[in-house]
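The structure under discussion appears below in the form of structure tokens.
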Amino acid sequence: MNITEFFNIDNRLLEMDKKALADCKPIFEKIDNTTEYNQLKVLKAFIKNGVSESAMAGSTGYGYDDKGREILERVMADCMGAEDSLIRHNFVSGTHTLTVALFGVLRPGDKVLVLTGRPYDTITGVFGIDEVTDGSLRDFGVEYNQVELKPDGTPDIEEIKNSLSKNDYKMAYIQRSRGYSTRPTLTIYDIENLCKAVREVSKQTVIMVDNCYGEFVEKKEPCQVGADLVAGSLIKNPGGGIAPTGGYIAGRRDLVEKCSYRLTCAGVGREVGATLGHSRELYLGLFQAPHVVGEALKTAVYGSALFQNMGYEVSPKPHEKRGDIIQCVTLGSAEKLISFCKGMQSGAPVDSFVTPEPWDMPGYTDPVIMAAGAFTLGASIELSADAPIRPPYAAWMQGGLNFHSAKAGILLAAQKMKEKE
Ligand SMILES: *Cc1c(COP(=O)(O)O)cnc(C)c1O
């Protein structure tokens, strides 16, 4: 196979591609092993719950008695190792889904403790961390506290136990993915240790995990190692690149029920919500998700190996254990960062002819450049990269619906950088 039949890649880069692939081989075997395990888990959940063609028919109006919706929620619960779940296209984003879960469980006067330092950007306004934003949890009288990460970016277990013993916390909140920060992502093992630490001090505190970017990366999910509730976005891992929008919440039955009263209305809960024509996409996406996550993981590992061989700082390193699909590459200059994003964009299946430029995104202090040529707007399970234009000029890349096309996207990013040298 020679990529140069289709794309211009210079010979030095082709050599590096070969070497990167060789480095990746043993890692890819491990990824395949996890993918197969998770694929069988999902298949078994479909079979156990008797998914049929009629389950995908969809409903209109109130959506009463939508058997397909109910079955999908049992399938998702099994996939997450949870008692129950809500999985709906009506969740508009990951942030909205997390918000429904938080407001579903917390009441005025409750205290919440975030165990993993400052949370993901869009969540800060939901808690009302910096100011009491209108409609935030703090606006509703929920007290916010966070335990800072240690200097190496890992959770401070001693300080977490100390904080929990001093106050009666209703919820302990864990963010699994690094998001767009430099701290390491939590593995399932790390989450298990955090849950144990919480339980040593408090039996009742609800442990909630922001599971975004983490689904199907490992063989277990947070609810199988002590978490009470998880939530995530369907335009990331569990939508398999097929769900066009939506989110899910999974966990303890009593907590999922509380969330259902926030999703719709008190007293009505999960019994409503028309699925319209989306059931099939949610089923098919969930079925494909383990495989697509495997492809995204291979893409991340390959990108890590290639750019490391080219002399750049990468995180995680190719062989490092992963808890999510995100790969950070430090490119060292604004010019390289911009070339990287332009090259990646040029290899996208959609909008390849678009030239990304840095822009002042609302809520960010520095201009941000993004490469995204996706079938679903903003879907980060599809190959994409985001980068704030500031030192150390790092790009966060993630996704890849299939390794072959995503690898071409990465090679084109590297090629564009070489052309600028
Ligand atoms: C993506 C993400 C979210 C939710 O973001 P949306 O853009 O609202 O879907 C929340 N937390 C983390 C860690 C994420 O990566």
Query raised in the report: Too long at a 19 Å Cα-Cα cut-off: which of LYS150/LYS170; LYS111/LYS166; LYS18/LYS420?
Result: LYS150/LYS170; LYS18/LYS420
Query - Equivalent ellipsoid semi-axes - Cα gyration tensor, segment 372-421, angstrom - result: 20, 16, 8
**Report entry** Positive-end residue, the chain charge dipole about Cα centroid, Cβ charges, pick of THR376, PRO119, ASN167
**Finding:** ASN167
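Lys and Arg at +1, Asp and Glu at -1: add these up for the other residues within a Cβ distance under 12 Å of ALA20 and post the number. Before the final figure, lay out each step's value.
Working: positive: LYS18, LYS19, LYS25, LYS298, LYS407; negative: GLU15, ASP17, ASP23.
Net local charge, ALA20 excluded: +2.
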Report summary line: All alpha-carbon distances of segment 201-317, grouped into 10 Å bins from 0, give the whole-percent distribution 12, 31, 33, 16, 6, 1
Query raised in the report: Suppose R0 equals 35 Å; then what is the FRET efficiency for VAL132 and LYS219 from their Cβ-Cβ distance, rounded to the nearest 0.05?
Result: 0.25
Query - Amide hydrogen neighbours beyond the local backbone of LEU149, cut-off 5 Å, H modeled - result: GLY117, ARG118
Query raised in the report: By average Cβ neighbour count within 10 Å, what is the ranking of 101-109, 38-46 from highest down?
Result: 101-109, 38-46
Query - Nearest-0.05 FRET efficiency for ASP10 and LYS161, computed from C-beta distance (R0 60 Å) - result: 0.65
Report task. Between ARG199 and PHE375, with labels modelled 7 Å along Cα→Cβ, what's the label distance in nm to one decimal, could you check? Result -> 4.0 nm
Report summary line: Flagged as over-length at 18 Å C-alpha distance, from LYS25/LYS407; LYS19/LYS317; LYS19/LYS407; LYS44/LYS236, the pairs are LYS44/LYS236
**Report entry** Sorted by Cβ neighbour density within 10 Å, fewest at the top, the residues ILE47, ILE325, ILE235, ILE381
**Finding:** ILE47, ILE235, ILE325, ILE381
Report task. Treat the count of other C-beta atoms within 10 Å as a stand-in for reagent exposure and order TYR169, TYR144, TYR64, TYR37 from fewest to most. Result -> TYR64, TYR37, TYR144, TYR169
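Report, in deg cm²/dmol and to the nearest 500, the calculated mean residue ellipticity at 222 nm for the chain, where each DSSP H run with n ≥ 4 adds -39500 (n - 2.57) and the sum is divided by the residue count.
Value at 222 nm, helices only, nearest 500: -13000 deg cm²/dmol.
Considering only DSSP beta bridges whose two residues both sit in the chain, what percent are antiparallel, to the nearest 5?
Numbers: 26 of 41 bridges.
About 65 percent, rounded to the nearest 5.
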Report summary line: Whole-number value, in Å³ per residue, for the convex hull of the alpha carbons of segment 1-110 is 260 Å³
Report summary line: For segment 57-286, using Cα atoms only, the Rg and Dmax in Å read 17.0, 52
Requested in this report: Could you sort 4-11, 343-350 so that the peptide with the highest average Cβ count within 10 Å comes first and the rest follow in order?
Outcome: 343-350, 4-11
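I want the antiparallel fraction of DSSP beta bridges within segment 57-286, as a percent rounded to 5.
40 percent
Once the convex hull of the C-alpha atoms of the chain is built, how many Å³ does it hold per residue, rounded to a whole number? Each step should come with its number before you reach the end.
Numbers: hull volume 60.0 nm³, N = 421.
Once divided by residue count, the hull of the chain is 143 Å³.
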Query raised in the report: DSSP H helices in the chain with Cα extent of 30 Å or more along the helix axis and mean Kyte-Doolittle hydropathy at least 0.0?
Result: 279-309
Query raised in the report: Ratio of Rg to Rh for segment 283-421, alpha carbon only, Kirkwood?
Result: 0.95
Query - segment 55-64 - phi-based ³J(HN,Hα) in whole Hz, Karplus 6.51/-1.76/1.60, Gly and Pro as x - result: 5, 9, 5, x, 9, 10, x, 6, x, 5
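None of the figures in this text is laboratory data; all of them are computed from the coordinates on show. Note that the coordinates shown come from a computational prediction; the quantities given were computed from them, not determined experimentally. Here Cβ is always computed from backbone atoms with ideal geometry, including for glycine, and neighbour counts include all displayed protein chains.
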